[in-house]
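What follows is a set of notes on a single structure, which appears directly below.
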Amino acid sequence: QKEVEQNSGPLSVPEGAIASLNCTYSDRGSQSFFWYRQYSGKSPELIMFIYSNGDKEDGRFTAQLNKASQYVSLLIRDSQPSDSATYLCAVSAGNNRKLIWGLGTSLAVNP
Amino acid sequence: GAVVSQHPSRVICKSGTSVKIECRSLDFQATTMFWYRQFPKKSLMLMATSNEGSKATYEQGVEKDKFLINHASLTLSTLTVTSAHPEDSSFYICSAGGDGVVNYGYTFGSGTRLTVV
């Protein structure tokens, strides 16, 4: 069974701090990795995707991928109260295009 | 960027009736569409995967005769909840992707909140 695991949280950080969200996956054949943000009552919104080992930065967000450790993380710098949401990690197993989803980590950024 | 339009955003129907939800890709050709449902404070549950012009592939435990999926064109997929019952009340979300989507991610529609009374 292919699995994606995330700490459910809640993760609470003060405004302006760095929030670190982690995700591990079981399928070594996984090729693409995604971070989505979901506000309560809304649909998920794609924040970042990464498929090469290392870091990928986009504004305040940095995705980090370590395929050897089967680990992908999302760092949010200068966290804002508007970043308070559930962050979903998703992994693509390849040709069938289906995403395997983690259960999400709830992030609360306190003013 | 890729935009996926989903309608209706909210629907209330009587038990025993059918409800159709539409998902349209507005500025790209969606070769693959996924339909999810989500209960309050729970994660996404994949219901089915559809590729344009072929039958949908349903996940284990999802009744294909109850949740009818049609993906007749590269820009439109529909989910019909037939003979809806209160336990079908949920948040239904589509997501779509075109070529290269494995690397670039899927775009979600805004979701449909279905309430069956």
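The values are calculated or read from the model by the stated rules, or taken from the named source; none is laboratory data. Since the model is a prediction, treat every value here as computed from it, not as a measurement. Here the Cβ positions follow ideal geometry from the backbone for every residue, glycine too, while neighbour counts run over all protein chains shown. When the accessible area is computed, the model is the full protein with side chains, heavy atoms only, and any ligands, DNA or RNA have been set aside. Shrake-Rupley method; radii C 1.70, N 1.55, O 1.52, S 1.80 Å.
Please state which one of B:THR107, B:THR82 is out of contact with any helix residue (DSSP H, G or I) (no Cβ under 7 Å at 6 or more places or on another chain) and within 30 Å of A:GLU5 (Cβ to Cβ).
After ruling out the rest, the residue left standing is B:THR107.
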Practice prompt. Could you check, for the range B:26-39, whether at least one of its residues is of a type in the set (Val, Ile, Thr) and over 12 Å from B:SER95 (Cα atoms)?
Written response: no
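Is there a residue in the range B:63-77 that is free of Cβ contacts under 8 Å to residues at least 24 places away in the same chain and crowded, with 17+ Cβ neighbours inside 10 Å? Let's see the steps before the verdict.
Step one: filter the range B:63-77 for residues free of Cβ contacts under 8 Å to residues at least 24 places away in the same chain, giving B:63-66, B:68, B:70, B:72-73.
Among the residues that remain, those that are also crowded, with 17+ Cβ neighbours inside 10 Å are: none.
No: zero hits.
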Worksheet item: A:ASN96 fails exactly one of the following numbered conditions: (1) out of contact with any Gly (no Cβ under 7 Å at 6 or more places or on another chain); (2) at pLDDT 95 or above. What is the number of that condition?
Response: (2)
Discussion item. For the range B:107-116, check the following and say yes or no: at least one residue is more than 11 Å from chain A (Cβ to nearest Cβ) and buried (at least 16 other Cβ atoms within 10 Å of the Cβ).
Written reply: yes
Worksheet item: So which residues in the range B:3-47 are open to solvent by 50 Å² or more (accessible area, probe 1.4 Å), within 14 Å of B:GLY109 (Cβ to Cβ) and not in a strand (DSSP E or B), if there are any at all?
Response: B:VAL3, B:SER9, B:LEU26, B:ASP27
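When you scan the range A:1-98 for strands (runs of 3 or more DSSP E) that lie fully inside it, which ones turn up with 3 or more residues that are farther than 30 Å from B:HIS7 by Cα, open to solvent by 30 Å² or more (accessible area, probe 1.4 Å) and in contact (Cβ under 8 Å) with a residue 60 or more places away in the chain?
Of the strands (runs of 3 or more DSSP E) lying wholly inside the range A:1-98, those with at least 3 residues that are farther than 30 Å from B:HIS7 by Cα, open to solvent by 30 Å² or more (accessible area, probe 1.4 Å) and in contact (Cβ under 8 Å) with a residue 60 or more places away in the chain span A:11-14.
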